[in-house]
Structure formats: structure tokens, C-alpha cells
Amino acid sequence: MTTDGRFKFDLAAHLGWIDGQPAMSVTDILRHHGFIDPTWYTEEARSRGSVVHAVTAGLDQGMTFNWADLDPKLHGYVKSWLAFKANTPIEILDVETTAYHPLYLFWGTRDIR
């Protein structure tokens, strides 16, 4: 996937356009083809995922973090990510990059690359 002047993204609305036309996201495509089961989309799971994702993305970007500010129930999720990074030869090139595919005309946001 790539980014250039053809792609526009509205972060607040979580919508993307390619060449001025609405474009499907990776999540839209997965949902459309039955790969996402909405049964698991509870408010609790959404909130947990959003917080853990924000913390791990921030850590990947070099932000400081205070464990006391995080609900102790979520510590294991963050510690698991830190353990994975410590034990895996991974090099993070960028974090939270929104891009599109110029041929297939879909877009998505990479957690890390």
C-alpha cells in the first residue's frame, strides 16, 4: 500500500477516498466477506482494545508510560507486547500509518510496519 495525493483520509470519521471516490477499508472488506464476527464487538472489548492499542502504539513511538495510569486488568496485554518485542528480532519502521493500494483501491491503517 502507498500514500500520495490520490488518497484522502478523515481520521475522525474513519473514512477514506481514493481519487475522490469513497473507498472500502480493509475492515470493510473483511466484514463484507464474513471474516469478522460482530458477536465479539462488545463495548467492553472495544474499550479494552482501544486502550491497549493506544498504549502499545505510544510505547512503539517512544512515549513514556506510567503503569499506575493503566487499569491493572490491562497490564497483561501490554506486558505481552513488550515481551514479544524483547524476544523477537523485530524492527519497527513506523506506527499507525494509513495508506491505500493504488491498483485494488482499498485502504487501511497499519499498526506497525
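List of remarks:
- Qualifying positions in the range 60-82 - under 16 Å from ILE112 (Cβ atoms), in a helix (DSSP H, G or I) and either at pLDDT below 95 or not charged (D, E, K, R) (or both): TYR77, VAL78, SER80, TRP81, LEU82
- Hey, GLY49 small (Gly, Ala, Ser), without any contact (Cβ under 8 Å) to a residue 24 or more places away in the chain and loosely packed, with under 12 Cβ neighbours inside 10 Å or not: no
- The lone exception for ALA99 - which of (1) in contact (Cβ under 8 Å) with a residue 24 or more places away in the chain; (2) in a helix (DSSP H, G or I); (3) aliphatic (A, V, I, L, M) it fails: (2)
- Qualifying residue in the range 16-38 (condition: open to solvent by 70 Å² or more (accessible area, probe 1.4 Å), of a type in the set (Ser, Thr, Tyr) and not in a loop (DSSP other than H, G, I, E, B)): no
- Scanning the range 55-62 for residues that are surrounded by 14 or more Cβ atoms within 10 Å (Cβ to Cβ), farther than 16 Å from PHE7 by Cβ and either of a type in the set (Asp, Glu) or touching a residue at least 60 places away in the same chain (Cβ under 8 Å) (or both) turns up at least one hit.
- Residue match in the range 3-10 (condition: open to solvent by 100 Å² or more (accessible area, probe 1.4 Å) and farther than 23 Å from ASP94 by Cβ): no
- Test: residue in the range 65-73 that is open to solvent by 80 Å² or more (accessible area, probe 1.4 Å) and under 20 Å from ARG6 (Cβ atoms): no
The values are calculated or read from the model by the stated rules, or taken from the named source; none is laboratory data. This is a predicted model, so every value here is computed, not measured. When we count neighbours, we look across all protein chains shown, and the Cβ atoms used for this are built from the backbone with ideal geometry, even at glycine. Keep in mind that these areas ignore ligands, DNA and RNA; they rest on the heavy atoms of the full protein, side chains included. Shrake-Rupley method; radii C 1.70, N 1.55, O 1.52, S 1.80 Å.
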